[in-house]
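Comments concern the structure below.
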There are 2 protein chains.
Amino acid sequence: MFGQMQDVPLLVSSLIDYAEKFHGEREIVSRTVEGPIHRYTYADAGKRSRQLAKALLALGVKEGDRVGTLAWNTYRHFEAWYGITGMGAVTHTLNPRLFADQLAYIIDHAENRFILLDAMFTGMLEGILDRIPTVEGFIIMTERANMPATTLPNVLCYEDLIAGHDGEYQWPVLDEKAAAAMCYTSGTTGNPKGVLYTNRSCVLHALSAALPDVMGAGSNTTIMAVVPMFHANGWGIPHFAPMTGAKMVLPGKEMDGASIYQLLTEEKVTLTAAVPTVWLMLLAYLQENNLDLPHLERVVIGGSAAPRSMIETFETKYATSVNHIWGMTEINPIGSLGSPKAVMRGMDYQSQLDLKMKQGRAMWGVDLKITDDEGNKLPWDGKAAGHLMVRGPWTVSEYYRGEGGQILDEEGYFDTGDVANIDQYGYVQLTDRAKDVIKSGGEWISSIDLENTAVGHPEIAEAAVIGVVHPKWDERPLLVCVRAKGSAVTKQDVLDYMTGKVAKWWMPDDVVFVDELPHTATGKLLKTRLREDFKDYKLPTV
Amino acid sequence: MFGQMQDVPLLVSSLIDYAEKFHGEREIVSRTVEGPIHRYTYADAGKRSRQLAKALLALGVKEGDRVGTLAWNTYRHFEAWYGITGMGAVTHTLNPRLFADQLAYIIDHAENRFILLDAMFTGMLEGILDRIPTVEGFIIMTERANMPATTLPNVLCYEDLIAGHDGEYQWPVLDEKAAAAMCYTSGTTGNPKGVLYTNRSCVLHALSAALPDVMGAGSNTTIMAVVPMFHANGWGIPHFAPMTGAKMVLPGKEMDGASIYQLLTEEKVTLTAAVPTVWLMLLAYLQENNLDLPHLERVVIGGSAAPRSMIETFETKYATSVNHIWGMTEINPIGSLGSPKAVMRGMDYQSQLDLKMKQGRAMWGVDLKITDDEGNKLPWDGKAAGHLMVRGPWTVSEYYRGEGGQILDEEGYFDTGDVANIDQYGYVQLTDRAKDVIKSGGEWISSIDLENTAVGHPEIAEAAVIGVVHPKWDERPLLVCVRAKGSAVTKQDVLDYMTGKVAKWWMPDDVVFVDELPHTATGKLLKTRLREDFKDYKLPTV
């Protein structure tokens, strides 16, 4: 027997419609790529999104077509998300930090018909123009006066384009499973793979992400989306901000301490989110200039782990609470957030920090399990580490064009590629990437734990640990280090330093010094290359 | 083009599954109908819900079957919601305050196969047994020792029943549009009509209801669901509490000030919700005993309007913020909540109170319009009053068995039957029921405004205003009053009192005194009866 409630599809366009109607006066403040601060309201954004939608329709864009964006976080990029997705096309966010080869591959693989871009990225596309034949035109997101000189063909000026259309337009009633947006993973192996979000997954994710224990966004929130919109669906901020009437602050391309501080203070930002690097720069700036953060209530940190000292500094010196967030492109992207539970009340601060160092607990809509190599479920005791598996209404079912084949297990879980433990309260602690874990005598050694310990040595600038073949133990850890500038630290110094800080059987069998370690375009350690370089390495313990 | 995210249906069973897995330690505290306080956890509740589901399956209950509950808010009623809905049947909440005739009609109309009830309600069902032939058995929600003597046939003891089944059970993967629960409207005209919630509507409603600007529930919230679970889906609390890991306090049948105060204090309740009557009793109790409310952060009040003095007392004397909520059985049930917007910051307190007296603003998922009699949209200026129309994924599409026919307009909006204005910020102010508004010379006069003004007179105990036929103005208001005990207040006294408090042309054309006013079983003024009684009344102004 079916219920008798209205069959209203969950559409991304409903988010901007809601904001325009119920929070029309609320502001969106952007630092433009040209420099000046721009401010307008959700009512303005709604109207201009519809103007863009009509312009795209006039250009011949159809439902399901992929339209790329190559842009920093500004109001025009926000309008583009709604204009493109709202009219039924697919917003394909492109990461300008990728290598040219990857960018060309992604644009071509997704068959983008148009690309909306910030003026500064024309050169990047000129360089790969012959490899992106599906692109029919380039829409530069600026006004006529700021249009750049470029050899790109079929260039349009965004402001001129939308000025030709009024805002009289009703978003189409799409199937809620229609593709809304796409984002490619920045894999460390093989070609990037596309994840195709549905309208439904974006709306459900936004609802759950805005809950009090997750991002906690309401109409009194002022959220600065420092995390780029081209990075994993912008952590959902451009979706849940209009859904809840939160004021949105978009920092453009300036991520330095002074620029971020200016917006935090002048716009009275209460909540913000980004990777640790941004916060290192901000904290240094605050320290140097003896400033504080009177409005900022909470910082959400993801992408990689925040150092304990960073969390402690924000919380004790600036009275700004910090939570780790965990997510990935494949899950729209938020999976867990480290807000405290009632059972943590009354804990001493260092114990709370221990928990804050974990990656948090899942909100409704994210189901987790950890398994061993055979797929058996492991206990949630905060110790047993296994493959972190996720399923739910905003978890990927397959990659674009089916690449990678069947990616779910028989229970419907997707393998995150992470190794984690989960404690009795559901807090997840990532211990390694599955492909980086060192399997020694049937037990797992976390390469990340060893790296973190090694870089604690003041003369180690960077460290990577990989497994190297060992006849008795299968694999044993090899520590590859970059010395700090001017240092002559030795293998024995490092091993002495690590002794007692990690389990004895986890200690690296050898230490090698190199001038630099290989990285991906987005700054991740490229361990595949390192494993290739050291595949014939003979450990002294063999 | 379809997106490629997992096709996971939105099921009510996922809420208890989530709570059990991620908030298994969090408590549910109940005052049992037998008296003692009972406490256990979401882990316990999850297991016992599955035991009940298996027991119902063993009794032959099938997907789509209606299973009634006639019970106060306790942990067993909570388990019943999940056990029944989770296994695919339909939880049909029955209101014990209904007249026997209505209860018999509703049970029969919905064809309930079983009824789960508190022991105290056996007599109520014995009296209508011959009129509810579809009911195959009665499950008394207590343990063997407390089983009542009853002439009901096929009586089962809840605890014995579930003790026969273990918790090893996987909720079925239902269609998300499968009926989850049903609730009949307590209409003031005609037979009650059934509203059949879908699993999807319950889950979406729960997500939006838990948002910071709506009920604002998280794992640090302790929410007392004073509003009965048999009343309009219990305002969604039994759904969003497990979804967010909120501790839940269930007060059983005791609504007096002392009982409510005890739970608020001992369980450190932070959030609660009920109709104004309950809060009048609590405030009187606090006043008499010189007590305060150290833990309670917010009271949400709906069902009918809270007096301004009640809101002010809670906020200024007890530092507990108050918000009006508006909803109805037909919308699952929350439509709007009066949490403040950023633009209200810095307003003086009396201006904030003016806004708090309104019914609040819609959250995402609730779309509103106000229209005139011809269906034309009216402006949102806080003045123009029109028919309040609502649509969205948790708004009814039709009543059970199609009764009432087509109930949506051509844009898909459902007519709430309320008359309201909406201001520029989206705050809704109900001014009347559409059928009670007095249409005088083409303009609308709010019967509620006149009644509120009249009862402001210290010697008026209760007042009702109805429209009476007038040859020149079509209708003019007639004020029907009940004098306070011992009062001899006159028509002229009342009119003098009202003069200057309402627009001159709104002033009643006559005042009539009666000994009592007619009410429905749930305490609403029965104006249909009053209109019938006064249908030939001759106004002195004719």
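The values are calculated or read from the model by the stated rules, or taken from the named source; none is laboratory data. Predicted model, so just to flag it, every value in this text is computed and none were measured. No Cβ is skipped: glycine too gets one built from the backbone with ideal geometry, and neighbour counts run over all protein chains shown. We work out accessible area using only protein heavy atoms, side chains counted, and drop any ligands, DNA or RNA first. Shrake-Rupley method; radii C 1.70, N 1.55, O 1.52, S 1.80 Å.
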Residue hits (the stretch B:363-415; assigned to a strand (DSSP E or B), crowded, with 20+ Cβ neighbours inside 10 Å and away from chain A (no Cβ under 14 Å)) are B:GLY386, B:HIS387, B:LEU388
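Regarding A:VAL511, is this residue among the aliphatic types (A, V, I, L, M), touching a helix residue (DSSP H, G or I) at 6+ places or on another chain (Cβ under 6 Å) and more than 21 Å from A:LEU525 (Cα to Cα)?
So A:VAL511 fails the test.
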When every residue in the stretch B:300-312 that is surrounded by fewer than 17 Cβ atoms within 10 Å (Cβ to Cβ) and farther than 25 Å from B:TRP72 by Cα is compared, the one modelled with the highest pLDDT is B:GLU312
Which residue out of A:GLY236, A:GLY216 is more than 9 Å from chain B (Cβ to nearest Cβ) and at positive phi?
A:GLY236
Count of the stretch A:416-436 residues which are assigned to a loop (DSSP other than H, G, I, E, B), more than 14 Å from chain B (Cβ to nearest Cβ) and either open to solvent by less than 20 Å² (accessible area, probe 1.4 Å) or of a type outside the set (A, V, I, L, M, F, W, C) (or both)
2
For the stretch B:34-109, list the strands (runs of 3 or more DSSP E) that sit wholly inside it and hold at least 1 residues that are more than 30 Å from B:ARG401 (Cβ to Cβ) and of a type in the set (Ser, Thr, Tyr); which are they?
B:37-41
For A:ILE237, which of the numbered conditions (1) within 17 Å of A:ALA80 (Cβ to Cβ); (2) open to solvent by 10 Å² or more (accessible area, probe 1.4 Å); (3) free of Cβ contacts under 8 Å to residues at least 60 places away in the same chain fails to hold?
(2)
In the stretch A:43-66, residues that are closer than 29 Å to A:THR265 by Cβ, open to solvent by 40 Å² or more (accessible area, probe 1.4 Å) and in contact (Cβ under 8 Å) with a residue 24 or more places away in the chain total 1
Looking only at the stretch B:21-42, count every residue that is away from chain A (no Cβ under 11 Å) and either under 24 Å from A:THR395 (Cα atoms) or surrounded by fewer than 19 Cβ atoms within 10 Å (Cβ to Cβ) (or both) and tell me the total.
8
Condition check: open to solvent by 10 Å² or more (accessible area, probe 1.4 Å), within 24 Å of the chain's Cα centre (by Cα) and hydrophobic (A, V, I, L, M, F, W, C). Does A:VAL8 satisfy that?
no
Return the residues of the stretch B:139-172 that are hydrophobic (A, V, I, L, M, F, W, C) and either surrounded by 12 or more Cβ atoms within 10 Å (Cβ to Cβ) or in contact with a His (Cβ under 7 Å, 6 or more places away or on another chain) (or both); say none if nothing qualifies.
B:ILE139, B:ILE140, B:MET141, B:MET147, B:LEU152, B:VAL155, B:LEU156, B:CYS157, B:LEU161, B:ILE162, B:ALA163, B:TRP171
Quick check: is even one residue across the stretch B:38-48 within 23 Å of the chain's Cα centre (by Cα) and modelled with pLDDT of 95 or more?
no
Here is a list: A:GLU266, A:GLU288, A:GLU315, A:GLU297. Which entry is within 22 Å of A:TRP235 (Cβ to Cβ), away from chain B (no Cβ under 14 Å) and open to solvent by 20 Å² or more (accessible area, probe 1.4 Å)?
A:GLU315
Name the single residue that is nearest to A:ALA100 (Cα to Cα) among those in the stretch A:132-185 being in a strand (DSSP E or B) and within 14 Å of another protein chain (Cβ to nearest Cβ).
A:TYR184
From the list B:VAL468, B:VAL482, B:VAL489, B:VAL437, pick out the single residue that is under 26 Å from the mean Cα position of the chain (by Cα), at pLDDT 90 or above and of a type outside the set (Phe, Trp, Tyr).
B:VAL437
Looking only at the stretch A:110-128, filter to residues that are in a helix (DSSP H, G or I) and over 20 Å from A:LEU59 (Cα atoms); which one of those is most open to solvent (accessible area, probe 1.4 Å)?
A:MET120
A:SER487 vs. criteria without any contact (Cβ under 8 Å) to a residue 40 or more places away in the chain, open to solvent by less than 50 Å² (accessible area, probe 1.4 Å) and not aromatic (Phe, Trp, Tyr):
yes
Check off (1) touching a strand residue (DSSP E or B) at 6+ places or on another chain (Cβ under 8 Å); (2) assigned to a loop (DSSP other than H, G, I, E, B); (3) within 14 Å of another protein chain (Cβ to nearest Cβ) for B:ASP7 and give me the number that stays unchecked.
(1)
Just checking, which of A:VAL455, A:VAL390, A:VAL396 is more than 27 Å from B:MET243 (Cβ to Cβ) and either modelled with pLDDT of 95 or more or of a type outside the set (Lys, Arg) (or both)?
A:VAL455
Does the stretch B:187-195 contain any residue that is among the charged types (D, E, K, R), closer than 26 Å to B:THR522 by Cα and either open to solvent by 50 Å² or more (accessible area, probe 1.4 Å) or more than 8 Å from every other protein chain (Cβ to nearest Cβ) (or both)?
yes
